[in-house]
1. Since D:Leu325 meets every condition but one in (1) surrounded by fewer than 21 Cβ atoms within 10 Å (Cβ to Cβ); (2) of a type outside the set (Val, Ile, Thr); (3) not in a strand (DSSP E or B), which condition does it not meet?
2. Counting residues that are touching a residue at least 24 places away in the same chain (Cβ under 8 Å) and more than 19 Å from A:Leu324 (Cβ to Cβ), which helices (runs of 4 or more DSSP H) fully inside the range A:160-273 reach at least 3?
3. Please state which of the following conditions B:Val268 fails to meet, knowing it meets all the rest: (1) closer than 25 Å to B:Gln52 by Cα; (2) in contact with a Leu (Cβ under 7 Å, 6 or more places away or on another chain); (3) hydrophobic (A, V, I, L, M, F, W, C).
4. Kindly establish whether A:Arg320 is under 20 Å from the mean Cα position of the chain (by Cα), under 18 Å from A:Leu160 (Cα atoms), at the interface with another protein chain (Cβ under 9 Å from one of its Cβ atoms) and open to solvent by 10 Å² or more (accessible area, probe 1.4 Å).
5. Is it the case that the range B:32-50 has a residue that's over 24 Å from B:Ala355 (Cβ atoms), assigned to a loop (DSSP other than H, G, I, E, B) and not assigned by TED's automatic domain parsing to the domain that holds B:Gly191?
6. Confirm whether A:Gly82 is in a loop (DSSP other than H, G, I, E, B), modelled with pLDDT of 95 or more and within 12 Å of another protein chain (Cβ to nearest Cβ).
7. So is A:Phe247 more than 10 Å from every other protein chain (Cβ to nearest Cβ), under 14 Å from A:Ala166 (Cα atoms) and at pLDDT 95 or above or not?
8. What do you reckon, is A:Thr340 among the β-branched types (Val, Ile, Thr), without any contact (Cβ under 8 Å) to a residue 60 or more places away in the chain and away from every other protein chain (no Cβ under 14 Å)?
Protein chains: 4
Amino acid sequence: MKQVRAAVLEAFGKPLEIREYPQPGEPAAGEALVAVEMAGICGTDVHLWLGQLAIPLPNIMGHESAGRIEKMGAGLTKDWRGDELRVDDRVTWASSISCGECFYCRMKKQPTRCLTRKAYGISYCASDAPHLRGGYAEKILLRAGTAIFRIPDSVPSEALIGAGCALTTAIHASERAPLEWGDSVVVQGTGPVGLAAIAVARAAGAGTIVATGGPPHRLELARGLGADVVIDIAKAGDVEARRAAVFQAVGPYGADQVIECVGYPEAVNEGILLCRDGGHFVVLGQYADAGNISFNPHTITRKQLRVVGSWGFEPRHVDRAIRLLERDGHLRERFAAGITHRYPLARADEALQMARSLAGGKTVILPQAK
Amino acid sequence: MKQVRAAVLEAFGKPLEIREYPQPGEPAAGEALVAVEMAGICGTDVHLWLGQLAIPLPNIMGHESAGRIEKMGAGLTKDWRGDELRVDDRVTWASSISCGECFYCRMKKQPTRCLTRKAYGISYCASDAPHLRGGYAEKILLRAGTAIFRIPDSVPSEALIGAGCALTTAIHASERAPLEWGDSVVVQGTGPVGLAAIAVARAAGAGTIVATGGPPHRLELARGLGADVVIDIAKAGDVEARRAAVFQAVGPYGADQVIECVGYPEAVNEGILLCRDGGHFVVLGQYADAGNISFNPHTITRKQLRVVGSWGFEPRHVDRAIRLLERDGHLRERFAAGITHRYPLARADEALQMARSLAGGKTVILPQAK
Amino acid sequence: MKQVRAAVLEAFGKPLEIREYPQPGEPAAGEALVAVEMAGICGTDVHLWLGQLAIPLPNIMGHESAGRIEKMGAGLTKDWRGDELRVDDRVTWASSISCGECFYCRMKKQPTRCLTRKAYGISYCASDAPHLRGGYAEKILLRAGTAIFRIPDSVPSEALIGAGCALTTAIHASERAPLEWGDSVVVQGTGPVGLAAIAVARAAGAGTIVATGGPPHRLELARGLGADVVIDIAKAGDVEARRAAVFQAVGPYGADQVIECVGYPEAVNEGILLCRDGGHFVVLGQYADAGNISFNPHTITRKQLRVVGSWGFEPRHVDRAIRLLERDGHLRERFAAGITHRYPLARADEALQMARSLAGGKTVILPQAK
Amino acid sequence: MKQVRAAVLEAFGKPLEIREYPQPGEPAAGEALVAVEMAGICGTDVHLWLGQLAIPLPNIMGHESAGRIEKMGAGLTKDWRGDELRVDDRVTWASSISCGECFYCRMKKQPTRCLTRKAYGISYCASDAPHLRGGYAEKILLRAGTAIFRIPDSVPSEALIGAGCALTTAIHASERAPLEWGDSVVVQGTGPVGLAAIAVARAAGAGTIVATGGPPHRLELARGLGADVVIDIAKAGDVEARRAAVFQAVGPYGADQVIECVGYPEAVNEGILLCRDGGHFVVLGQYADAGNISFNPHTITRKQLRVVGSWGFEPRHVDRAIRLLERDGHLRERFAAGITHRYPLARADEALQMARSLAGGKTVILPQAK
């Protein structure tokens, strides 16, 4: 029986181990067996590795991946968009499957809060057959109902995985807090989500975009993706200095929209300070529970704010991400260039530690590489 | 020279004093001299009296009033709606005047955050001529540009002032956080704003409405205005008990919309708990800065919430309040019945202390009463 | 083998015939066999009977029905809302099934325009097994994926079928052209859709509602469902007279929203005339292609209108209809009272002719009655 | 007394005449005397000249102009945005003044339908003092309340007038029918409004943009402003051929949004054909009443369309137009390059005939040129 190698998280904080699992037989109806060609390492994976979220162990991580279809089960003939799907097609897929029937999926049209949602690379125990439910592996078996997308030839996997789930996350947020054309935008943070939020704001018709973050190479990426003004938080080191710098760029009342992509809870208070009265404040970086802040709710009423949360993304946001990259060669080139480190599967743990160090740009695993 | 009597706040926390001011001569262009017939005492007036907001002293309070036009300056021929205006007409007016030209008025269409907004009964120093800029007085001189509304004969002043600025405030909030038809609503608090929010939610197509508050006579008012379920916070004394009671009424995931009308900062954390994922949480009660809370911003992201602030109201919300009362006899009767205490101007301080005690319902001053 | 009787349309314009079909065996997974207790005759059925829409023959019509579950296939344990479903439950169901995967269902979230939509009582050929796909029959076999709703005990079938698919249609339209609170509304036409549109506008927070239609007994129903002013088109016989009467009720510029529920193409030109500049005009009655009108598109630009079409409804509109009836006893009573004629299945053709004559109110078939 | 020269329309269809008017004395409060440097000739001016709209004669046309402030009346110290305004500043201004108080201005927030709106270059009789109310003149006297905008140094008048009122008109339309990010757009017509609509759609986040129009040099402009695909109506000469070409670009169901910028009434029927079910169809070109079409309203219901009219623009759309040009050097260059013909005031009639001929691009008058 053929074996498939995977990098497995067996204990939180311990090195990933390479394990072998039996290759599944013929896919059942609607399933697809995909040879993973590139698996991005998301910041969330570092949190998972550290045990900061409750996931089953052992676990094959990897929720932003691209690969080639090896086998398709009965009835699987089209991708999510309705385009024909064939063996050997290069594809990506939405990391989560929603049930379509629960209170949130059906009654509230809010599938990111589906009551039984499961995500590849996060929610599956690698001990349970068919084992292969994460991207850090030579192959992944996609469940029936997975939103699979054929990747257009013009969009290299580097561009798509370089953008990663940060791009789809930012697109979802942009939908929840739509820009009015010409709105000034502050993006707090220049990690993957912040960079993606800049690109999305630019594509969605923003006026002046200010990014606060660092270090300098990330600020350079921010400029390349559309920021008009970048503020290095290492230099403008206190809140008041940052506020002054932001207001100089967006005007004396603050920005029309502030998008928090930092993750430190305190960024929320600073973001509200940067937002004009009646503006939108998007809390997009607080994916992990990083604790409480001292917060004054009077500000919400007096500044007449809209504070908007956004969680994950839906298949149609993947569709939009692909279309955006298809239309915009500059973004393709920028996101692809954001990948600075590539590792074969055998060195997956090394890849994870590189991502953890924040020393480079995007880090990816190439499971088919020798 | 004729004199006009007014109840004046001369020092924070001290009894209101009755003072006399010279009656203004002929109104200038656009101005109106109005004989105040009824002036509501708003909870905000108690905060003003206590010195919790920065206002000039001496001050003639009173920002929710009705009266009869005595004199009109040149060019004032129509009310805000365009209906003819005549001496002796019974009128009310928007408490604030926005400039129409500043960044917030013009560029952002958000006049409640006008940079130079002034409000009758709040922002004017009674020492400065023409002195009469508040409702706790026999007469008030309305500035040119004031949004004056002729009150339809079918709407008694008792109904309008019984509803007070709480109704216009709730209408503005409802506009900022529109209900989807049939949405379940929790209103936290059964003070004037909470009661008005119930009435507005009912009129705007809400499904199940739950009110949490007290004491019992206020819960009875809440029922009369449209609450399907009322929860006495004195009985369901802890957060978990209230949550359970609310969820029993609105379903196991929380309410589609929660409207905080309490004013205690901690109510914000409870409100978020009561709101379903992806729901609207309206922070409407935090008008005064009552301090900070320990708050977890991760909740905003994970629950994918919309947290909405709303500040004051615009003239068109007064228009809607009047039309609502015009259409709905039941609401007229309910709001009028909410007035439990009436005082002549000479006993204005007594009226204020009654309002402060929260012992009754709405308290009003009748400046023309002997 | 047990036989099931049904009233069958075998040739357009010919009397319905009573035919027998073999009762299906055990329902397959997800299917339900339902004993039909009440089937409403919709105006569309008359159009179908006349051959004005392309449907397969023979055909068991009936797309607004209620009944009791006799048998459920494997896996069918909950209704659309997630409430437990049992044999003998009284239920109704959405008449159409959308595919969930086509361009309109998936990409555009517009399942009423699903490319492969099929409707009970309309799209199925009665010659094809399992035959029983319409409401004019003792039993109907619901396909897997049908949106089934358990009817709350407080909602009699008379209220639900009395409202019929007109109510769900009007709810969908109201979602597409949301009222601003207090908006004036003109409903053109007092057939089932017009009456339902009145009820929905009232429940959704409309201000003045004017209905134009007839005859007098329908205008009385219009009043009962929420119209403030009714205009008998037989009396106000020309367009100008109707315009004058409408403007007297809603003001000199026209209504904020006009909802066309007539079906005659010319009603569209009149509706535009009744609508204020910048208002919403909802074209809801043009379900059949009743030909062209002479139309001036300059009006759209100059009046700065929003003209909105709405087609059919989705399962969640059925959910809202049921909840509305659950909340509002007055509407339950009004819609139930709208049923004026009841026929056993054997007299289905007679029922259809009664509906065609427009002489009464709602006509229903009671397939279990002797 | 100083004299000011103007080109005057004295009789419909007759050559413009150069007349002299006395230069106004000191501007009254809020007024501004402006030396016109560039006045665009809008297609509407040709309609006015032909007598197709009711305007007073004699008339100084010209409603899209830029110039330098010569004198300012008391109290005029800031432009519409609140930026300081000084003599010699280069400015433009909104062509219309709305009253701010009528039903449409105040109650419906729809000032483009103001009941007493007056537009420079259109609504004023040149015989009435102060005469100078149009752009085809050496000077114009702006009324108090005019929305004046200082033009940023980076925006040449050529770019602004090259874009003309078509740009502000397209921005208003885009606000009324907002694109969802990535929507496919068809723009019917490549006259000034069509070209501007392309630029706005591109800036607002459109996906594929298709323009149908001609002649070839205008299709080239369309490409330069953002059209991905251009269809020459002279080549794709019948409706079906155009439909096929459009669908090839946007997919087999039609475009998400179609913007009619043609003016021929029949374009409306073609536009509806090009629009997918549930899409937006914007009727933007029907400014003049060009007669009726044979139209089938069933299409609105069945295709579940949104048909949106948009009339003129508000001051804030001028603000957005300036900001767009300020941000986007490519658009500045494109719009400036669209000006192909320049005439001194003395040859204003020649300029108008050139515009009428449609032979070139944008035609402008330079009133200060010798």
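The values are calculated or read from the model by the stated rules, or taken from the named source; none is laboratory data. It should be emphasised that the depicted structure is a prediction, and the values quoted were computed from it without experimental measurement. No Cβ is skipped: glycine too gets one built from the backbone with ideal geometry, and neighbour counts run over all protein chains shown. Remember, those area values only see protein heavy atoms, side chains included, never the ligands or the DNA or RNA. Shrake-Rupley method; radii C 1.70, N 1.55, O 1.52, S 1.80 Å.
1. That leaves (1) as the condition not met.
2. The helices (runs of 4 or more DSSP H) meeting that bar are A:216-225, A:239-250.
3. (2)
4. So A:Arg320 passes the test.
5. So far as the range B:32-50 goes, no, none of its residues is over 24 Å from B:Ala355 (Cβ atoms), assigned to a loop (DSSP other than H, G, I, E, B) and not assigned by TED's automatic domain parsing to the domain that holds B:Gly191.
6. Taking the combined requirement at face value, the residue does not satisfy it.
7. no
8. For A:Thr340, the condition - among the β-branched types (Val, Ile, Thr), without any contact (Cβ under 8 Å) to a residue 60 or more places away in the chain and away from every other protein chain (no Cβ under 14 Å) - is met.
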